[in-house]
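Down below is the structure, laid out as structure tokens.
The values are calculated or read from the model by the stated rules, or taken from the named source; none is laboratory data. No experiment lies behind these values; they were computed from the predicted model shown. A quick note on method: Cβ atoms are made from the backbone with ideal geometry, for glycine too, and the neighbour counts reach across all protein chains shown. These accessible areas exclude ligands, DNA and RNA; they are computed on the full protein's heavy atoms, side chains included. Shrake-Rupley method; radii C 1.70, N 1.55, O 1.52, S 1.80 Å.
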Amino acid sequence: MRNEDLEITEETTMEGIKLTIKGHVNSGTADKLENWLHKAIHDGQKNIVLNMLWVKFLSSAGIRVILKTYQDLNDTGGRFGIEMPSQNVRNVLGMTALDEMLIK
């Protein structure tokens, strides 16, 4: 996997879906994540968890996608969160004061 690549795998759980994200979530890859999340919501998913253990880099473009998804699901009574964030993701979310809201 090249640094600019983003790999997404989906798993259905009892509560909804879990997406495992691997690679870099930046301006070059955030659209891929956004499209995946938009499709999941459009298909009726109300509960989405992102496993971000393997995310090496999270930019403001990625944060925008995450916040938009959080807001969209929250507005419709759904739930959204991040589990197992990598240290890089934890650091970025901590600096932006989003860690308490997003990390489950």
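Is the shape of the stretch 1-49 best called rounded, prolate or oblate, per the rule: a/c under 1.5 gives rounded, else a/b larger than b/c gives prolate, else oblate, with a ≥ b ≥ c the square roots of the Cα gyration tensor eigenvalues? Please report the intermediate quantities before stating the final value.
On the way: a/c = 3.40, a/b = 1.79, b/c = 1.90.
In terms of gyration-tensor shape, oblate.
Given a 1.4 angstrom probe, I'd like the percentage of the accessible area of the chain that is carbon and sulfur, rounded to a whole number. Write out the running numbers ahead of the final one.
On the way: 3030 of 6020 Å².
The C+S portion of the solvent-accessible surface of the chain is 50 percent.
Counting helices only, and only those DSSP H runs with n ≥ 4, report the 222 nm mean residue ellipticity of the chain as the sum of -39,500 (n - 2.57) divided by its residues, in deg cm²/dmol to the nearest 500.
Taken over the chain, the calculation gives -12000 deg cm²/dmol.
Nothing charged except the Cβ atoms of Lys and Arg (+1) and of Asp and Glu (-1): what's the magnitude of the dipole of the chain about its Cα centre? Round to the nearest 20 debye. Mind showing how you got there, number by number?
On the way: 12 positive and 14 negative charges, 30 e Å.
So the magnitude is around 140 debye.
Quick one, can you get me the convex hull of the C-alpha atoms of the stretch 23-101 expressed as volume per residue in Å³?
78
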- Query: So for the chain: antiparallel DSSP bridges make up what percent, rounded to the nearest 5?
  - Reply: 35
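Before anything else, pin down the relative contact order of the stretch 5-104: Cα pairs under 8 Å, at least 6 apart, normalised by residue count, whole percent.
Numbers: 161 pairs, mean separation 26.5, N = 100.
Contact order relative to length: 26 percent.
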- Item | Accessible surface, the chain, averaged per residue in Å² (probe 1.4 Å) | 58
- Ignoring ligands and nucleic acids, what accessible area does VAL49 show with a 1.4 Å probe (Å², nearest 10)? 50
- Sparsely packed GluC sites (Glu not before Pro) within the stretch 1-56, loop by DSSP, other Cβ within 10 Å at most 16: GLU4, GLU15
- Note on the structure: Taking Lys and Arg as +1 and Asp and Glu as -1, residues besides GLN87 with C-beta under 14 Å from its C-beta add up to +1
